[in-house]
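Read through the structure below, which is laid out as structure tokens, and then see the notes.
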Amino acid sequence: MPPEARKLLADMLNAAEAVQHFVAGKTLDNLRIDDVLRSSVYFKFVIMGEALAKLRRSFPTVADQITESRRIVAFRNQIIHGYGLIDDEITWRIIEAKVPVLVQELVALLASASADF
């Protein structure tokens with residue numbers, strides 16, 4: 001796997017793990033009322049989506065190995081362009097159900113990339 005692809009995967013992994021760290025011990029209500037938490041979480045989702053959009057353009061076969069790749073990019077676009085329509089409850093469900101799966105997939109992809117050397 002090219003170094004550029006590994007870098008984008010690592011950026012996504014760092015952002016996803018940061019989201020998990022930010023929300024540890026928190027609730028949906030915390031996300032709704034804590035502007036610093038909201039800003040941090042949504043910024044990391046933007047990073048994940050932007051890195052994945054770049055990965056899809058340059059390394060589509062790598063991006064296709066990420067289960068929710070199209071939805072992750074679409075969520076990034078919604079945050080950037082439709083921020084007023086974001087539903088924190090949906091975001092919370094994504095954090096609880098989808099981010100752990102993404103982390104597992106990214107760890108596996110990066111491990112297989114390391115095995116290429």
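Could you size up the charge dipole of segment 20-117 around its Cα centre, putting +1 on the beta carbon of Lys and Arg and -1 on that of Asp and Glu, and report it in debye to the nearest 20? Rounded to the nearest 20 debye, it is 260 debye.
Each residue of segment 18-34 was assigned a 3J(HN,Hα) from its phi angle through the Karplus expression (A = 6.51, B = -1.76, C = 1.60, θ = phi - 60°), giving 5, 4, 4, 5, 4, 9, 4, x, 9, 10, 4, 4, 4, 4, 5, 9, 9 Hz with x at Gly and Pro.
Rounded to two decimals, the Cα radius of gyration of segment 3-115 over 2.2 N^0.38 Å is 1.04. Annotation for segment 86-117 versus segment 1-33: alpha-carbon center distance of 8 Å.
Computed over segment 45-110, the range of Cα coordinates on each principal axis works out to 33, 24, 14 Å, biggest value leading.
With springs connecting C-alpha atoms under 10 Å apart, model the chain as a Gaussian network and identify which of Val107, Val36, Val23 has the largest mean-square fluctuation. For the chain, modelled as a Gaussian network with Cα springs under 10 Å, the answer is Val36.
The packing ranking, built from the mean of other Cβ atoms within 10 Å per residue, places the peptides 10-18, 48-56, 64-72, 26-34 in the order 48-56, 10-18, 64-72, 26-34, highest first.
Taken together, the values in this text are just the output of simple stated rules run on the coordinates, not laboratory data. Small disclaimer: the values here were computed from a predicted structure and weren't measured. Note that each Cβ is placed from the backbone with ideal geometry, even for glycine, and that neighbours are counted across all protein chains shown.
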